[in-house]
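> Here's a structure for you.
The values are calculated or read from the model by the stated rules, or taken from the named source; none is laboratory data. What you see is a predicted model; the values in this text were computed from it and never measured. Here Cβ is always computed from backbone atoms with ideal geometry, including for glycine, and neighbour counts include all displayed protein chains. Areas reflect the complete protein model, heavy atoms only, side chains present, ligands, DNA and RNA absent. Shrake-Rupley method; radii C 1.70, N 1.55, O 1.52, S 1.80 Å.
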Amino acid sequence: MNLEKYILAVITTSCENIKGGAPTFCCENEDEAQKVAADLEAILDGISHRLANGMYIIVKH
Amino acid sequence: MNEYTYPVIFGITIGTLARLYMLKTDYRQYPTYPHGKVINVALGFIAASLGTVAVPSFMEENFTAVTFLALAASQFREVRNMERNTLSELDQYELVPRGKTYIEGIAIVFEGRNYLVIFASFISTLLYLAFNIWAGILGAIGALLLAKSLMSGKQLKHIVNIKKAELSFDGPGLYVDNIYIMNIGLPERQKEILKYGMGFILEPKDFNVRATIGHLGQRQAILHDASVSLGVFRDSGTPALVPLIKRDLDDGRIGVFILPQVQDVAKAIAVIERVPVLENAFRLPTESDANQKGSELD
């Protein structure tokens, strides 16, 4: 199965803002979030986008 | 040997030569060397034979020969299907795909060239039989000139002005000039993009062009040609490094973002200038009755 235009993962430093849905990765700080986002980007073959509130999402296009 | 032998050999030779003349392997790597060429030359030979033998058949009042031409038409439609299927299958493995519109354009060209071969053979054989070999040669030259003029489609430089533009980031948003391209989240990727990326703005020369360059298939063709000629800084599994084109909705300009391996602006502009205007993407909105009777489009 090929998922497209779908949020595959959410990486955030403020876990309290997330309610269900995609797999969420809670990180201690911005540095860690960036590293996790980079790893997930490579693994999931998606693009890591940054939202206005500093949250990263991995989306497959 | 009879009175038709030499004219028929002449017609077939002219038709096959016409196909060879129209067969070019260029940066698109198509037809591929050498077997793709053999297929096309062989089909050209068959087309030439059909075009040629139609003439003596008519002269002998054997009008059922025209059904062979109908058969030829269905055969060459099959050629078009074959080209389309092959290219569509292969397109999945391209780092920057050609896109369906470009593929359909190539398939049409292959079908069309076989008809030009039939035409060249038919005309040259007819003139040979009606007058003499010199008339046949003149007819062949005429047919080749016609083929040449039909082969040379428009290129992007005829319809747009191309300018280099700066790439910039506003937060995670990547911009070419003031045209938003995409959201790149990771600072690492942003650095790569600023290092290897190149931006261009294509400004339409008139109103008709807006629809043509806005066509997704035409845009994909630009990206494909630029990536083939200049190399592309990406691999499978790096979707963030994909070249993209987006439109400015206000004035129809398009912003081209590419990641070439050859960092040469003049060469990149030359490559984009020579991208063919795809006949399937070409639009002429000013030709519509509604637009001609209503207010003029700028």
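> Mind counting the residues in the stretch A:38-47 that are touching a residue at least 24 places away in the same chain (Cβ under 8 Å) and closer than 13 Å to A:C27 by Cβ?
Qualifying residue count, the stretch A:38-47: 1.
> Taking the options B:G142, B:G136, name whichever one is touching a Leu at 6+ places or on another chain (Cβ under 7 Å), small (G, A, S) and more than 14 Å from chain A (Cβ to nearest Cβ).
Of the residues listed, the single one that is touching a Leu at 6+ places or on another chain (Cβ under 7 Å), small (G, A, S) and more than 14 Å from chain A (Cβ to nearest Cβ) is B:G136.
> If you scan the stretch B:237-254, which residues turn out to be away from chain A (no Cβ under 14 Å) and either of a type in the set (S, T, Y) or in contact with a Leu (Cβ under 8 Å, 6 or more places away or on another chain) (or both)?
Result: B:I245, B:R253, B:I254.
> Is there a residue being more than 24 Å from B:A140 (Cα to Cα) and modelled with pLDDT of 85 or more anywhere in the stretch B:106-123?
yes
> Regarding A:S48, is this residue at the interface with chain B (Cβ under 9 Å from one of its Cβ atoms) and of a type in the set (S, T, N, Q)?
Yes, satisfied.
> Out of B:N161, B:N183, report the one residue that is open to solvent by 60 Å² or more (accessible area, probe 1.4 Å) and at pLDDT 90 or above.
So the residue among B:N161, B:N183 that is open to solvent by 60 Å² or more (accessible area, probe 1.4 Å) and at pLDDT 90 or above is B:N161.
> For the subset of the stretch B:170-180 comprising residues that are surrounded by fewer than 16 Cβ atoms within 10 Å (Cβ to Cβ) and within 11 Å of chain A (Cβ to nearest Cβ), which member is farthest from B:A226 (Cα to Cα)?
Among those that are surrounded by fewer than 16 Cβ atoms within 10 Å (Cβ to Cβ) and within 11 Å of chain A (Cβ to nearest Cβ), it is B:G171.
> Going residue by residue through the stretch A:4-13, is there one that turns out to be open to solvent by 20 Å² or more (accessible area, probe 1.4 Å), assigned to a helix (DSSP H, G or I) and on the phi < 0 side of the Ramachandran plot?
The answer is no; no qualifying residue exists.
> Right, next: Here are some residues: B:L90, B:L95. Which one is crowded, with 16+ Cβ neighbours inside 10 Å and under 23 Å from B:R219 (Cα atoms)?
After applying the criteria, what remains is B:L95.
> So, one more: Hey, B:Y196 hits all of (1) open to solvent by 60 Å² or more (accessible area, probe 1.4 Å); (2) over 22 Å from B:V265 (Cα atoms) but one; which does it fall short on?
Of everything listed in (1) open to solvent by 60 Å² or more (accessible area, probe 1.4 Å); (2) over 22 Å from B:V265 (Cα atoms), B:Y196 misses just condition (2).
> Still on this structure, please answer the following. If you take the residues of the stretch A:1-41 that are of a type in the set (G, A, S) and under 11 Å from the mean Cα position of the chain (by Cα), which of them is farthest from the other protein chains (Cβ to nearest Cβ)?
Filtering the stretch A:1-41 for residues that are of a type in the set (G, A, S) and under 11 Å from the mean Cα position of the chain (by Cα), the one farthest from the other protein chains (Cβ to nearest Cβ) comes out as A:A22.
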